[in-house]
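Down below is the structure, laid out as C-alpha coordinates.
The values are calculated or read from the model by the stated rules, or taken from the named source; none is laboratory data. Worth saying up front: this structure is predicted, and the values here are computed from it rather than measured. Using ideal geometry, Cβ is built from the backbone for each residue, glycine included, and neighbour counts are taken over all protein chains shown. Keep in mind that these areas ignore ligands, DNA and RNA; they rest on the heavy atoms of the full protein, side chains included. Shrake-Rupley method; radii C 1.70, N 1.55, O 1.52, S 1.80 Å.
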Amino acid sequence: MQNIYGMTRTDLENYFQNLGEKKFKAIQVLEWLYQKKSNNVLEWSNLKKDLRDKISEDLSFARPKIIKKEADTLTRKYLFELEDKNYIEAVVMFHDYGNSLCVSSQVGCNMGCSFCESGRLKKVRNLETFEMVSQILEIEADLKLRISSVVIMGIGEPLDNFDNVMNFINIINDAKGLAIGIRHITLSTSGLVPKIYDLMNKDLQINLAISLHAPNDNLRSKIMKVNNVYNISQLLTAIKDYIARTNRRVTIEYVMLKGVNDSKECALELANLLKGLNIYVNLIPYNETNHLEYKKSDPKTISEFCETLKNNKINVTIRKEFGSKISAACGQLRSKEVE
Ligand code: SAH
Ligand code: SF4
(Lines give C-alpha, C1' and ligand atoms only; values in the text may rest on other atoms or scores of the structure.)
(Ligands and ions follow the chains in the order given, each with its own letter.)
Protein backbone atom coordinates (compact mmCIF):
# COMPACT_ATOMS: atom_id res chain seq x y z
CA MET A 1 0.00 0.00 0.00
CA GLN A 2 1.31 3.44 -0.88
CA ASN A 3 2.20 5.60 2.11
CA ILE A 4 0.72 9.09 2.13
CA TYR A 5 3.85 10.63 3.69
CA GLY A 6 5.81 9.62 0.62
CA MET A 7 3.56 11.45 -1.83
CA THR A 8 4.56 14.76 -3.34
CA ARG A 9 2.00 17.39 -4.26
CA THR A 10 2.09 16.09 -7.85
CA ASP A 11 1.56 12.50 -6.71
CA LEU A 12 -1.47 13.58 -4.70
CA GLU A 13 -2.82 15.64 -7.61
CA ASN A 14 -2.54 12.60 -9.87
CA TYR A 15 -4.20 10.44 -7.26
CA PHE A 16 -7.19 12.76 -7.01
CA GLN A 17 -7.45 13.33 -10.74
CA ASN A 18 -7.52 9.57 -11.30
CA LEU A 19 -10.48 9.45 -8.95
CA GLY A 20 -12.19 12.18 -10.98
CA GLU A 21 -11.63 14.72 -8.22
CA LYS A 22 -10.22 18.24 -8.46
CA LYS A 23 -6.50 18.45 -8.03
CA PHE A 24 -6.63 21.19 -5.37
CA LYS A 25 -7.61 18.43 -2.96
CA ALA A 26 -3.88 17.69 -2.90
CA ILE A 27 -3.26 21.03 -1.19
CA GLN A 28 -5.95 20.35 1.40
CA VAL A 29 -4.35 17.01 2.18
CA LEU A 30 -0.89 18.54 2.50
CA GLU A 31 -2.29 21.13 4.89
CA TRP A 32 -3.88 18.44 7.07
CA LEU A 33 -0.75 16.34 7.14
CA TYR A 34 1.95 18.94 7.52
CA GLN A 35 0.40 22.11 8.89
CA LYS A 36 -2.41 20.82 11.08
CA LYS A 37 -0.37 17.64 11.70
CA SER A 38 -3.42 15.43 11.51
CA ASN A 39 -2.95 11.79 10.61
CA ASN A 40 -6.58 11.03 11.22
CA VAL A 41 -8.46 11.22 7.96
CA LEU A 42 -11.79 11.30 9.83
CA GLU A 43 -10.96 14.83 10.95
CA TRP A 44 -10.44 16.12 7.44
CA SER A 45 -13.65 18.06 7.42
CA ASN A 46 -13.21 19.79 4.07
CA LEU A 47 -13.23 16.42 2.25
CA LYS A 48 -16.41 14.44 1.61
CA LYS A 49 -16.99 11.30 3.66
CA ASP A 50 -16.73 8.88 0.73
CA LEU A 51 -13.46 10.47 -0.35
CA ARG A 52 -12.10 10.17 3.18
CA ASP A 53 -13.09 6.50 3.19
CA LYS A 54 -11.40 5.98 -0.14
CA ILE A 55 -8.19 7.60 1.11
CA SER A 56 -8.06 5.42 4.21
CA GLU A 57 -8.68 2.37 2.06
CA ASP A 58 -5.98 3.23 -0.51
CA LEU A 59 -3.21 4.84 1.48
CA SER A 60 -1.18 3.95 4.54
CA PHE A 61 -0.49 6.48 7.30
CA ALA A 62 2.01 4.28 9.15
CA ARG A 63 5.23 5.88 10.37
CA PRO A 64 8.41 4.40 11.81
CA LYS A 65 8.45 4.32 15.62
CA ILE A 66 10.91 6.01 17.94
CA ILE A 67 12.30 3.23 20.15
CA LYS A 68 15.21 4.90 21.87
CA LYS A 69 16.43 8.40 22.67
CA GLU A 70 19.72 9.75 23.91
CA ALA A 71 20.14 13.33 25.02
CA ASP A 72 22.77 15.85 25.89
CA THR A 73 22.56 19.61 26.10
CA LEU A 74 22.80 20.48 22.43
CA THR A 75 21.52 17.32 20.78
CA ARG A 76 18.90 14.61 20.87
CA LYS A 77 19.47 11.36 19.13
CA TYR A 78 16.66 9.07 18.05
CA LEU A 79 16.64 5.45 17.06
CA PHE A 80 13.71 4.39 14.86
CA GLU A 81 12.36 0.95 14.18
CA LEU A 82 11.03 0.43 10.68
CA GLU A 83 8.16 -1.85 9.78
CA ASP A 84 10.54 -4.64 8.73
CA LYS A 85 12.45 -4.30 12.04
CA ASN A 86 15.40 -2.49 10.55
CA TYR A 87 16.83 0.41 12.51
CA ILE A 88 17.81 3.92 11.50
CA GLU A 89 18.68 7.03 13.40
CA ALA A 90 18.31 10.78 13.28
CA VAL A 91 19.97 13.50 15.34
CA VAL A 92 18.59 16.91 16.26
CA MET A 93 21.02 19.75 16.87
CA PHE A 94 19.90 22.89 18.66
CA HIS A 95 21.58 25.98 17.21
CA ASP A 96 20.98 29.62 18.05
CA TYR A 97 19.49 30.04 14.55
CA GLY A 98 17.07 27.11 14.85
CA ASN A 99 16.87 23.35 15.11
CA SER A 100 18.46 21.20 12.51
CA LEU A 101 17.89 17.53 11.93
CA CYS A 102 20.34 15.04 10.47
CA VAL A 103 18.31 12.36 8.67
CA SER A 104 19.23 8.91 7.38
CA SER A 105 18.64 7.96 3.76
CA GLN A 106 19.39 4.21 3.77
CA VAL A 107 19.60 1.29 6.17
CA GLY A 108 23.41 0.94 6.22
CA CYS A 109 25.62 2.03 3.34
CA ASN A 110 27.47 0.29 0.56
CA MET A 111 30.17 2.87 0.03
CA GLY A 112 32.36 1.18 2.62
CA CYS A 113 34.38 4.15 3.87
CA SER A 114 36.85 2.60 6.27
CA PHE A 115 36.28 5.07 9.13
CA CYS A 116 32.46 4.92 9.12
CA GLU A 117 30.08 2.76 11.16
CA SER A 118 27.34 2.91 8.53
CA GLY A 119 29.73 1.60 5.92
CA ARG A 120 30.93 -1.16 8.22
CA LEU A 121 27.40 -2.50 8.47
CA LYS A 122 26.62 -2.46 4.70
CA LYS A 123 23.43 -1.45 3.01
CA VAL A 124 20.31 -3.46 3.77
CA ARG A 125 17.96 -1.34 1.69
CA ASN A 126 17.04 2.16 0.63
CA LEU A 127 14.69 4.18 2.80
CA GLU A 128 11.33 4.96 1.30
CA THR A 129 10.43 8.63 1.00
CA PHE A 130 7.86 8.37 3.80
CA GLU A 131 10.49 6.89 6.11
CA MET A 132 12.62 9.99 5.62
CA VAL A 133 9.73 12.44 6.01
CA SER A 134 8.60 10.57 9.14
CA GLN A 135 11.93 11.17 10.87
CA ILE A 136 11.10 14.87 10.88
CA LEU A 137 7.43 14.48 11.84
CA GLU A 138 8.05 12.08 14.71
CA ILE A 139 10.82 14.19 16.17
CA GLU A 140 8.87 17.44 15.83
CA ALA A 141 6.00 15.77 17.67
CA ASP A 142 8.26 14.35 20.35
CA LEU A 143 10.07 17.62 21.05
CA LYS A 144 7.11 19.89 20.30
CA LEU A 145 9.23 22.17 18.20
CA ARG A 146 9.81 22.96 14.57
CA ILE A 147 12.73 21.65 12.59
CA SER A 148 13.97 24.53 10.46
CA SER A 149 16.82 22.90 8.62
CA VAL A 150 17.63 19.42 7.46
CA VAL A 151 20.95 17.79 6.65
CA ILE A 152 20.93 14.49 4.79
CA MET A 153 24.02 13.22 6.56
CA GLY A 154 22.80 10.34 8.67
CA ILE A 155 23.14 6.70 7.70
CA GLY A 156 23.45 6.06 3.98
CA GLU A 157 24.59 7.58 0.73
CA PRO A 158 21.71 9.81 -0.39
CA LEU A 159 22.71 9.86 -4.05
CA ASP A 160 22.53 6.04 -4.06
CA ASN A 161 18.81 6.47 -3.25
CA PHE A 162 18.31 9.30 -5.68
CA ASP A 163 14.60 9.28 -6.53
CA ASN A 164 13.36 8.80 -2.98
CA VAL A 165 15.69 11.52 -1.72
CA MET A 166 14.49 13.92 -4.44
CA ASN A 167 10.87 13.25 -3.46
CA PHE A 168 11.77 13.78 0.17
CA ILE A 169 13.30 17.17 -0.61
CA ASN A 170 10.26 18.08 -2.67
CA ILE A 171 7.81 17.25 0.16
CA ILE A 172 9.69 18.94 2.97
CA ASN A 173 10.33 22.03 0.85
CA ASP A 174 6.73 22.37 -0.42
CA ALA A 175 5.12 25.52 0.95
CA LYS A 176 2.09 23.40 1.84
CA GLY A 177 4.30 20.60 3.14
CA LEU A 178 6.84 21.20 5.89
CA ALA A 179 7.94 24.43 4.19
CA ILE A 180 11.60 23.99 5.01
CA GLY A 181 13.49 26.53 2.90
CA ILE A 182 15.48 24.97 0.07
CA ARG A 183 18.64 26.73 1.27
CA HIS A 184 18.09 25.10 4.65
CA ILE A 185 18.45 21.65 3.16
CA THR A 186 21.91 20.10 2.83
CA LEU A 187 22.80 16.90 1.03
CA SER A 188 26.13 15.24 1.76
CA THR A 189 27.64 12.75 -0.68
CA SER A 190 30.77 10.66 -0.83
CA GLY A 191 31.08 11.68 -4.48
CA LEU A 192 28.97 9.63 -6.91
CA VAL A 193 29.95 11.72 -9.90
CA PRO A 194 27.15 10.86 -12.39
CA LYS A 195 24.57 11.45 -9.67
CA ILE A 196 26.09 14.85 -8.90
CA TYR A 197 25.28 15.73 -12.52
CA ASP A 198 21.74 14.36 -12.11
CA LEU A 199 21.37 16.54 -9.04
CA MET A 200 22.76 19.55 -10.91
CA ASN A 201 20.14 19.01 -13.61
CA LYS A 202 17.40 19.32 -11.00
CA ASP A 203 18.43 22.95 -10.53
CA LEU A 204 17.79 22.90 -6.81
CA GLN A 205 19.24 25.58 -4.59
CA ILE A 206 20.07 23.11 -1.83
CA ASN A 207 23.48 23.05 -0.16
CA LEU A 208 25.75 20.37 -1.53
CA ALA A 209 28.44 18.94 0.72
CA ILE A 210 31.12 16.63 -0.63
CA SER A 211 32.98 14.19 1.61
CA LEU A 212 36.49 14.60 0.28
CA HIS A 213 38.54 13.64 3.35
CA ALA A 214 41.89 13.40 1.52
CA PRO A 215 43.91 15.64 -0.81
CA ASN A 216 45.21 12.95 -3.19
CA ASP A 217 43.98 9.74 -4.81
CA ASN A 218 46.45 7.50 -3.07
CA LEU A 219 45.21 8.43 0.39
CA ARG A 220 41.56 8.85 -0.57
CA SER A 221 41.41 5.39 -2.13
CA LYS A 222 42.75 3.92 1.11
CA ILE A 223 39.92 5.33 3.20
CA MET A 224 37.10 5.68 0.64
CA LYS A 225 36.49 2.82 -1.80
CA VAL A 226 34.35 5.10 -3.97
CA ASN A 227 37.57 6.84 -5.04
CA ASN A 228 38.50 3.77 -7.09
CA VAL A 229 35.43 4.41 -9.20
CA TYR A 230 35.36 8.23 -9.28
CA ASN A 231 38.73 9.76 -8.53
CA ILE A 232 39.50 13.23 -7.22
CA SER A 233 40.00 14.79 -10.62
CA GLN A 234 36.61 13.52 -11.87
CA LEU A 235 35.02 14.67 -8.63
CA LEU A 236 36.57 18.13 -8.87
CA THR A 237 35.35 18.53 -12.44
CA ALA A 238 31.83 17.66 -11.28
CA ILE A 239 32.11 20.14 -8.41
CA LYS A 240 33.26 22.91 -10.77
CA ASP A 241 30.42 22.16 -13.19
CA TYR A 242 27.95 22.09 -10.32
CA ILE A 243 29.11 25.48 -9.04
CA ALA A 244 29.04 27.01 -12.53
CA ARG A 245 25.48 25.80 -13.10
CA THR A 246 23.91 26.46 -9.69
CA ASN A 247 25.95 29.43 -8.59
CA ARG A 248 26.07 27.91 -5.14
CA ARG A 249 29.08 27.56 -2.92
CA VAL A 250 29.88 23.91 -2.25
CA THR A 251 31.01 22.56 1.12
CA ILE A 252 34.03 20.27 1.22
CA GLU A 253 33.89 17.96 4.23
CA TYR A 254 37.17 16.75 5.66
CA VAL A 255 37.11 14.40 8.63
CA MET A 256 40.25 14.75 10.74
CA LEU A 257 41.81 11.31 11.32
CA LYS A 258 44.85 11.25 13.55
CA GLY A 259 48.04 10.45 11.68
CA VAL A 260 46.13 9.64 8.50
CA ASN A 261 45.12 12.85 6.74
CA ASP A 262 45.90 15.60 9.27
CA SER A 263 49.51 16.57 8.46
CA LYS A 264 50.69 19.98 7.34
CA GLU A 265 51.59 18.44 3.94
CA CYS A 266 47.99 17.27 3.57
CA ALA A 267 46.73 20.77 4.39
CA LEU A 268 49.02 22.34 1.79
CA GLU A 269 48.07 19.77 -0.81
CA LEU A 270 44.39 20.33 -0.05
CA ALA A 271 44.77 24.11 -0.33
CA ASN A 272 46.49 23.67 -3.67
CA LEU A 273 43.77 21.33 -4.92
CA LEU A 274 40.94 23.68 -3.98
CA LYS A 275 42.44 27.09 -4.69
CA GLY A 276 40.23 29.50 -6.58
CA LEU A 277 37.07 27.41 -6.20
CA ASN A 278 33.84 28.73 -4.72
CA ILE A 279 33.95 26.28 -1.81
CA TYR A 280 34.51 26.24 1.88
CA VAL A 281 36.12 23.48 3.86
CA ASN A 282 34.43 22.07 6.94
CA LEU A 283 36.89 20.22 9.16
CA ILE A 284 35.08 17.48 11.06
CA PRO A 285 36.52 16.23 14.37
CA TYR A 286 36.32 12.44 14.06
CA ASN A 287 33.89 10.67 16.34
CA GLU A 288 35.69 7.57 17.57
CA THR A 289 33.84 4.26 17.57
CA ASN A 290 34.46 1.00 19.39
CA HIS A 291 34.70 -1.05 16.25
CA LEU A 292 37.14 0.97 14.19
CA GLU A 293 40.76 1.81 14.91
CA TYR A 294 40.81 5.42 13.78
CA LYS A 295 41.49 8.13 16.34
CA LYS A 296 40.48 11.76 16.31
CA SER A 297 43.15 14.35 15.58
CA ASP A 298 44.31 16.46 18.52
CA PRO A 299 42.55 19.82 18.79
CA LYS A 300 45.92 21.52 18.25
CA THR A 301 46.51 19.58 15.02
CA ILE A 302 43.04 20.54 13.82
CA SER A 303 43.59 24.21 14.49
CA GLU A 304 46.99 24.15 12.80
CA PHE A 305 45.47 22.42 9.77
CA CYS A 306 42.79 25.09 9.75
CA GLU A 307 45.39 27.89 9.93
CA THR A 308 47.37 26.42 7.03
CA LEU A 309 44.26 26.41 4.88
CA LYS A 310 43.41 29.98 5.92
CA ASN A 311 46.93 31.17 5.18
CA ASN A 312 46.47 29.73 1.72
CA LYS A 313 43.24 31.64 1.16
CA ILE A 314 40.85 28.74 1.66
CA ASN A 315 37.63 29.46 3.56
CA VAL A 316 37.47 27.01 6.40
CA THR A 317 35.53 26.26 9.57
CA ILE A 318 35.87 23.59 12.22
CA ARG A 319 32.63 21.73 12.83
CA LYS A 320 31.32 22.11 16.31
CA GLU A 321 31.41 18.77 18.05
CA PHE A 322 27.85 17.73 18.52
CA GLY A 323 26.88 14.77 20.54
CA SER A 324 30.10 12.82 20.62
CA LYS A 325 29.06 11.53 24.05
CA ILE A 326 25.82 10.16 22.71
CA SER A 327 27.35 8.32 19.76
CA ALA A 328 25.84 10.87 17.46
CA ALA A 329 28.02 10.27 14.45
CA CYS A 330 26.80 8.52 11.41
CA GLY A 331 25.47 5.06 12.23
CA GLN A 332 26.77 4.74 15.75
CA LEU A 333 23.54 4.29 17.65
CA ARG A 334 22.19 1.85 15.13
CA SER A 335 25.39 -0.14 15.19
CA LYS A 336 24.89 -0.77 18.89
CA GLU A 337 21.55 -2.38 18.08
CA VAL A 338 22.55 -4.59 15.22
CA GLU A 339 26.10 -5.77 15.91
N1 SAH B 1 27.12 9.14 2.79
C2 SAH B 1 27.18 10.55 2.81
C3 SAH B 1 26.36 11.17 3.91
C4 SAH B 1 26.38 10.49 5.24
S5 SAH B 1 27.91 10.53 6.10
C6 SAH B 1 28.61 11.02 2.86
O7 SAH B 1 29.49 10.19 3.09
O8 SAH B 1 28.84 12.20 2.65
C9 SAH B 1 28.00 12.22 6.63
C10 SAH B 1 29.40 12.67 6.98
O11 SAH B 1 29.84 12.08 8.21
C12 SAH B 1 30.43 12.31 5.94
O13 SAH B 1 31.26 13.41 5.65
C14 SAH B 1 31.18 11.20 6.63
O15 SAH B 1 32.47 11.04 6.12
C16 SAH B 1 31.17 11.65 8.06
N17 SAH B 1 31.47 10.62 9.05
C18 SAH B 1 31.26 9.30 8.98
N19 SAH B 1 31.65 8.67 10.11
C20 SAH B 1 32.12 9.63 10.93
C21 SAH B 1 32.66 9.65 12.26
N22 SAH B 1 32.77 8.53 12.95
N23 SAH B 1 33.04 10.84 12.77
C24 SAH B 1 32.88 11.98 12.07
N25 SAH B 1 32.38 12.04 10.83
C26 SAH B 1 32.00 10.88 10.26
FE1 SF4 C 1 28.48 5.64 3.49
FE2 SF4 C 1 28.93 8.22 3.96
FE3 SF4 C 1 29.60 6.33 5.76
FE4 SF4 C 1 30.96 6.54 3.48
S5 SF4 C 1 30.84 8.09 5.12
S6 SF4 C 1 30.24 4.63 4.41
S7 SF4 C 1 29.37 7.12 2.08
S8 SF4 C 1 27.57 6.86 5.11
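Structural remarks
- The simple Förster model, with R0 at 30 Å and r as the Cβ-Cβ distance, assigns ILE318 and ALA175 a FRET efficiency of 0.30.
- Qualifying aspartates and glutamates (Cα of each under 12 Å from Cα of LYS37; at least 8 residues distant if same chain): GLU138, GLU140
- Distance between modelled label sites at LYS49 and ALA244, nm, 7 Å Cα→Cβ extension: 6.3 nm
- A helix-only calculation puts the chain at -10000 deg cm²/dmol for mean residue ellipticity at 222 nm, using -39500 (n - 2.57) for each DSSP H run of at least four residues, averaged over all residues.
- Cross-link reach is defined here as a Cα-Cα straight distance under 17 Å, omitting same-chain residues fewer than 8 places apart; for LYS48 the aspartates and glutamates meeting it are GLU13, GLU21, GLU31, GLU57, ASP58.
- Of the solvent-accessible surface of segment 199-289, computed with a 1.4 Å probe and all protein chains present, 45% belongs to carbon and sulfur.
- With respect to the chain, whose longest principal axis is taken over its alpha-carbon atoms, helix 9-18 is tilted by about 30°.
- Fraction of antiparallel bridges per DSSP, the chain only, in percent to nearest 5: 45 percent
- Loop-located chymotrypsin sites (Phe, Trp or Tyr not before Pro) in segment 40-96 (DSSP state not H, G, I, E or B) with no more than 16 neighbouring Cβ atoms inside 10 Å: PHE61.
- Spatial separation of Cα centroids for segment 4-70 and segment 106-147, in angstrom: 23 Å
- Helix 232-246 and the longest principal axis of the C-alpha atoms of the chain enclose an angle of approximately 50°.
- Were the residues from VAL229 through TYR280 laid out at 0.36 nm apart, the gain over their Cα-Cα distance would be 15.9 nm.
- Ranking of TYR230, TYR15, TYR286 by solvent-accessible surface, largest first: TYR230, TYR15, TYR286 (1.4 Å probe, protein heavy atoms only, all chains present).
- Protein-only accessible surface order, largest first, of HIS213, HIS95, HIS184, HIS291 at 1.4 Å: HIS184, HIS291, HIS95, HIS213
- Too-long pairs where the Cα-Cα distance tops 31 Å, listed order kept, from LYS144/LYS176; LYS69/LYS222; LYS122/LYS258; LYS195/LYS320; LYS258/LYS313: LYS69/LYS222
- Most to least packed among 104-113, 260-269 [average Cβ atoms within 10 Å]: 104-113, 260-269
- Mean Cβ neighbour count within 10 Å, used as a protection proxy, ranking 23-30, 312-319, 168-175, 140-147 highest first: 168-175, 23-30, 312-319, 140-147
- Spin-label model, SER263 to GLN35: label points 7 Å out along the Cα-to-beta-carbon direction sit 5.9 nm apart.
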